[in-house]
Structure formats: structure tokens, C-alpha cells
Amino acid sequence: MREDYQALIDEVSTLLGTPATLEGRDFGLIAFGAHESDGESPDLTLDTVRTRTILQRRSTAEVRAWFESFGITRATGPVRIPPEPAAGVVHGRVCLPARSGGVAYGYIWLLDDGALDLAGPRLAAAMESASRIGALLAAEARAGARTGELLRALLTGPAASGRRDETVAELRRVLGQGAQGPMAMVAV
């Protein structure tokens, strides 16, 4: 699904004409749009937070807390966040929550110089992309939860259970290609 996320982020970046990144609800980097700059235009320079997020594939706990203080975890629409140079946020951001079923599964981050119209049709179209991303992230979360349930059933259920073969077969379906051939599990 990573290609799906990258295509959607590229779509949002193109639609709005600004660099975009996608992070999961844990602020882990999932995808990012191209950030082109000739080095002479201050409005396109990377700030510390965006650079660190891309290079380390994650935001720090301090950055996460700062952005969450603007209510992004509860937001259902775009949230404008002002720059804060002391925190390494040289450029303002617009956050588009990627929600599904009322739950924020991730965030699209747009660099913002204040020119984006939060009520405009382009941002409404970007929010549709955010909803599609939210649905993909929710499906991934459900699949991960189901995999955990199946593994737990195999590890803790009775070995002679008639359901064991059914559980193994379902786990193989869920894991797909990764479940072909012999498997070993290591518990840490």
C-alpha cells in the first residue's frame, strides 16, 4: 500500500502546489512529496522539523506534542498552524487529518505561507484525498490487529484444537506471500 500513499501525497502536492508529507498517528513518516527549491527562495527552504522528519522518518515527541496542542487529533477539517522558529518550525503548516470512522489514523502536512484558502475547493479536494488515506490506514490497522489475534490464538490455544488448522489457514491468507513455505516465530 505504500505506493498508494505516495501517489495520493503526490496528488495533494500537485493539487495545492506545495510540498506535503504524510505521517501516521504516531508521527512516523509514511510518504512525502518532492520539495523543489533553488536554494534562493526563502519560501521554499526546508525547515528543521521537515528535514528531521524526512531524514529520521519520525518526528520527535516535543514536535508531536506541539502540533497536537492545536487540536489536530480531534479535527475533522484543515488546521492552520503558525510558524514557531524557536521550535524549528520556520514555515507554518496546514494539517489535514486522515480520518476514517471518526478516528485520526494519520496527518497530511502542507507547508503554508498563509495563502492556502482553508474553505476553498482545492483544499476540499485535498481533504477527499485525506479521507481516502484515512480509509487505507484504517484497513491496515484492522489487518494488523487481525494478524495479532491469529498469532495469539495459535500460541495460546490448545494444540489439538480443531480450529488450529483453520487458524493457520487464515493466518496464511492474511500474511500472503510472507507465509509461503516453513515459518518460525521468535518471541522477545
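Bear in mind these aren't lab numbers, they're just calculated from the coordinates by the rules spelled out. These numbers come from a predicted model, not from an experiment. Backbone-built Cβ (ideal geometry, glycine too); neighbour counts: all protein chains shown.
Structure data summary
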| item | result |
| --- | --- |
| Nearest-0.05 FRET efficiency for GLU3 and ARG146, computed from C-beta distance (R0 35 Å) | 0.95 |
| Inter-label distance for ASP165 and ALA65, nm, one decimal - labels placed 7 Å from Cα along Cα-to-Cβ | 5.5 |
| Derived scalar couplings ³J(HN,Hα) [the range 139-152; Karplus, 6.51 cos²θ - 1.76 cosθ + 1.60; whole Hz; x for Gly, Pro] | 4, 4, 5, 5, 5, x, 5, 5, 4, x, 4, 5, 4, 4 |
| Residue-wise HN-Hα coupling along the range 122-128, computed from phi with Karplus coefficients 6.51, -1.76, 1.60 (Hz; x: Gly, Pro) | 5, 6, 4, 5, 5, 5, 5 |
| Distance in nm between pseudo-label sites at GLU128 and LEU155 (7 Å out along the Cβ direction from Cα) | 4.4 |
| Extension gain from ARG74 to LEU15, taking 0.36 nm per residue of separation minus the Cα-Cα distance | 18.8 nm |
